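**Q** The following block contains the structure, expressed as structure tokens.
The values are calculated or read from the model by the stated rules, or taken from the named source; none is laboratory data. Predicted, not measured: the structure shown is a model, and the values here were computed from it. Note that each Cβ is placed from the backbone with ideal geometry, even for glycine, and that neighbours are counted across all protein chains shown.
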């Protein structure tokens, strides 16, 4: 009996010592929890990967649909090209009609823009998008003329064709004359080598700066001309298809309109000389 008890005690101690790697039950439980968490994490990764794959498949399907659509559009490019050029051709014709039937303001400038568009239209090297953009820009410019007041210099509408304006002719004879009436800046440039009788394209020629007066158009409502010295003025008459003299009162209003249109005076209400047809 004396030797039995120690044997049992030794057996119990042996059981305790025989736990794998010397770990307690609590440590084993923690390892089991960690393994479960790792397993759950792996499952989540697998699920996320499946979702990502499904999304990529959807994107690939959409990309294939876009590719098919682009291929179909490419096949119709020749037809689109013909359609764009056909539309621009019609636009050119309509703009020309507008300019021809409109008040005759800035005619040379407007026809020059139209001719540039015609040149682009005639060239096979012009991109259709660029051609259409330029046509729309020209449409926009013509539309803006309808609700703006603008002034620019020019010779008298009474001037004979292929002859210099009254002021330019006077300046060629005597730059000190009252009719020439050049500014101090122009006079200084003439004294420093510039001229008013140079050949076309001569950078020293400033004859284009010496004009008889100013033209003003009030949208498409009225178009007038006023001499620089306000000696006389004219209004374009649609009814007569020509120029009519302005009255003294209209000339006073025209002077104010010129200053406002040229930014030389604060904006304000102006009076445009027009003729109203009596009701029949």
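**Q** Is at least one residue of region 194-211 surrounded by 14 or more Cβ atoms within 10 Å (Cβ to Cβ) and either in contact (Cβ under 8 Å) with a residue 60 or more places away in the chain or more than 22 Å from residue 170 (Cβ to Cβ) (or both)?
**A** Going residue by residue through region 194-211, those that are surrounded by 14 or more Cβ atoms within 10 Å (Cβ to Cβ) are 194-196, 205-207, 209-211.
Retained after the next criterion (residues that are either in contact (Cβ under 8 Å) with a residue 60 or more places away in the chain or more than 22 Å from residue 170 (Cβ to Cβ) (or both)): none.
No.
**Q** Another one. Going through 180, 171 one at a time, which residue ends up being part of a helix (DSSP H, G or I), over 20 Å from the mean Cα position of the chain (by Cα) and under 25 Å from residue 215 (Cα atoms)?
**A** On the way: 180 fails: part of a helix (DSSP H, G or I).
One residue alone meets the criteria, 171.
**Q** If only one of 96, 65 is in contact with a helix residue (DSSP H, G or I) (Cβ under 8 Å, 6 or more places away or on another chain) and either assigned to a helix (DSSP H, G or I) or modelled with pLDDT of 80 or more (or both), which one is it?
**A** Numbers: 65 fails: in contact with a helix residue (DSSP H, G or I) (Cβ under 8 Å, 6 or more places away or on another chain).
None of the other options fit; the residue is 96.
**Q** With respect to residue 235, determine if the residue is within 21 Å of residue 160 (Cβ to Cβ), outside the structural domain of residue 170 (by TED's automatic domain parsing), surrounded by 10 or more Cβ atoms within 10 Å (Cβ to Cβ) and modelled with pLDDT of 85 or more.
**A** yes
**Q** Additional query: Identify, please: which residue in region 144-168 is surrounded by fewer than 16 Cβ atoms within 10 Å (Cβ to Cβ) and part of a helix (DSSP H, G or I) and is, among those, modelled with the highest pLDDT?
**A** Here the answer is 144.
**Q** Does residue 159 fit the bill of being touching a strand residue (DSSP E or B) at 6+ places or on another chain (Cβ under 6 Å), closer than 17 Å to residue 108 by Cβ and free of Cβ contacts under 8 Å to residues at least 60 places away in the same chain? I'd like the intermediate steps shown before the answer.
**A** On the way: touching a strand residue (DSSP E or B) at 6+ places or on another chain (Cβ under 6 Å): no; closer than 17 Å to residue 108 by Cβ: yes; free of Cβ contacts under 8 Å to residues at least 60 places away in the same chain: yes.
Judged against the criteria, residue 159 is not a match.
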